[in-house]
Structures are given as structure tokens and as C-alpha cells.
Amino acid sequence: MKMLRMFGRSIRDAFRSVFRNFSLSLASISCIAITLVIVAISVLTFFNIKNFTNEIEKDLTIVAFVDNDADDEDIERIKTKLQSNENIDRSKIVYKTKKQVKEEMQKESDIFNSVMNEWDEKDNPLKDTFQIKVKDVEKIKSTADDIKEIEKINTVRYGEGLVDKLISAFDTIQKVTYGAVIALVIVTMFLIVNTIKLTIYSRKREISIMRLVGANNFTIKTPFVIEGMFLGLLGSVVPILLIVFGYPYIYKSLNGYVFSPLINLIRPYPFIYNVSCIVAIIGMVVGMIGSAKAVRKYLKV
């Protein structure tokens, strides 16, 4: 009960401090809000890039073309070899005869249909294929090389070159945005530390009196830590509003994609609520850590 009462008093003192030192609090909240807006944009960008990369990886397919003289035994042997490869998803190995490939292509285009309609089984120049999904796209090149070594496999294609460049590019972008979020969080913490330093400096007399009456370091620090958390939460209000109202507007304006229908944005709901929670938590946690650091330095505890 004593701890609960002390915690309750700390919350009360923290709220009073925010409004008693309103000008300093407002400056801190403004700085936090500006920084968290950039953090929010970085988080939204990061998750959308990650989503797009995952979509590409999910749709990425290796196509292995089989020799025309392969018989049923060869097909079964090839399938067994593919299933034994650790990087190939066994449940997503699809075998298609050249007749099935022809029928699919005819459905895709009227031009293909008119040309291929005249082909009979003997005239069909297409090949039987295996369509293969991999577990780790970063190993797709080595996996494709392994498939090429299988007997009766004629050619292997997966969009090499372009795919490798795309994976590398999006991996770099993800790392950059991830680093930007971390850097901005550190900047936010720095702003809070310096603001709390000013607050503590202006209340040195109050802290001295608290020490004289026997208050321990924990009792003195707790209101400041809670105050930092509260400032972080207030600072996250503006970024959250921008996320909740801004992202759906952008999504609707762009029809759900950027530049091309291939680059889809994440649907707003419940995505914006998840990101809002992340931003609020970042604000509160950084506020608490920043306040704790500032108090520790000024109180030399």
C-alpha cells in the first residue's frame, strides 16, 4: 500500500510539474512532436517497403524447363530431387505439361490464343515446366544453380539480374529506414534529456528541500521519470493524428499503390492503429529513459 501511495503521489507531482512549468513542458512537447512526426513517417515507410519486399519474395518463382525427351520416370526423379533441396518449399512445386502452359498462355492474350490455336501436340514448341518457390530468396541464385545440375532440366529462369538487384535495393532501403528510426529516437531522447535538465535546474531548491526532509533518490526521481513519460505521450498526439487521418487519405489518393500497381501500400486498417501504438510507445519509453538520464546526471545518483 505504501508503494502504491508513493506511486500515486509521484503521478500527481508529475502532472503538477508539467502544468507548473508549462513553458518548458510546451517546448519539450513541441520538439518531441516534430521528431516523432519524422519517426512516424519513417516507420510507415519501413513497414510499406518491408511489405512490398515480402510480396515480391512471396511471388518470386523459379521456372525449370524440362527436356522434350523426358519420360514419366524422369519427371518423378526431378520432382524427388527438387523436394530434397532444403531451400525449396516442397508444398509449392508445381509441374505443368506444355499443353497446360499453352492453355494458360491462350487465356492471357487474344494474340497468343489466335497463334497457338493452330498448334497441335506435335507442333507445340513449348516445354514441360516445374514452377518452384524458395524459402529464402537471398539463396535463390544458388538454388537455381543446383536445379540446373539436375539431369533432364534444360533451362532455369527466375528473372536473374533484375531480381537480384531488386532484392539488394530493397534490403538497402530497409536498413536505411531502420537506421533513420533509431537515429530519430536517439535525437528525441536527447531533446527530452536537455528539456528535463532545464526543468530540474529550475527546481534545485525543491529537490534540496525534499532531501532535507529525508526523501530518498527513488522518491525524487520517480516524478521526473513519470513526467518524461507523460511529455512523450503528449508529444505523440500530433504524429498519431497525422497517421490516423493522413495515411488513409494518401492511400485513397494514390489508389493503394505507388507508381505502379505492383507496388501496393499496406491497407490503412488496422495498420494505422498498430503504427500509432508504436509511435506512442516510442514517445513514452524515450521520455522515461531521457528523464531518468537527466535526473541521474543532475542528482548525481
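Table for the structure above
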| quantity | calculated |
| --- | --- |
| Search result, residues across the range 223-271 that are among the small types (Gly, Ala, Ser), out of contact with any helix residue (DSSP H, G or I) (no Cβ under 8 Å at 6 or more places or on another chain) and not in a loop (DSSP other than H, G, I, E, B) | Gly246, Ser253, Ser260 |
| Within the range 53-76, tally of residues that are without any contact (Cβ under 8 Å) to a residue 12 or more places away in the chain, farther than 17 Å from Gln131 by Cβ and either within 39 Å of the chain's Cα centre (by Cα) or open to solvent by less than 100 Å² (accessible area, probe 1.4 Å) (or both) | 2 |
| Members of the range 241-264 found to be open to solvent by 60 Å² or more (accessible area, probe 1.4 Å) and within 19 Å of Val39 (Cβ to Cβ), listed by number | Leu241, Leu242, Phe245, Ile250 |
| Flag if Ala215 is open to solvent by less than 70 Å² (accessible area, probe 1.4 Å) and either of a type in the set (Ser, Thr, Tyr) or modelled with pLDDT under 85 (or both) | yes |
| Residue within the range 223-240 that is open to solvent by less than 20 Å² (accessible area, probe 1.4 Å), closer than 18 Å to Cys31 by Cβ, modelled with pLDDT under 90 and among the aromatic types (Phe, Trp, Tyr) present | yes |
| Residue within the range 268-287 that is out of contact with any His (no Cβ under 9 Å at 6 or more places or on another chain) and at positive phi present | no |
| Test: residue in the range 20-28 that is under 31 Å from the mean Cα position of the chain (by Cα), at pLDDT 75 or above and open to solvent by less than 60 Å² (accessible area, probe 1.4 Å) | yes |
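The values are calculated or read from the model by the stated rules, or taken from the named source; none is laboratory data. Source: prediction; values computed, not measured. Don't worry about glycine lacking a Cβ; one is built from the backbone with ideal geometry, like all the others, and counts go over all protein chains shown. Please note that ligands, DNA and RNA were not included when accessible areas were found on the heavy atoms of the full protein model with its side chains. Shrake-Rupley method; radii C 1.70, N 1.55, O 1.52, S 1.80 Å.
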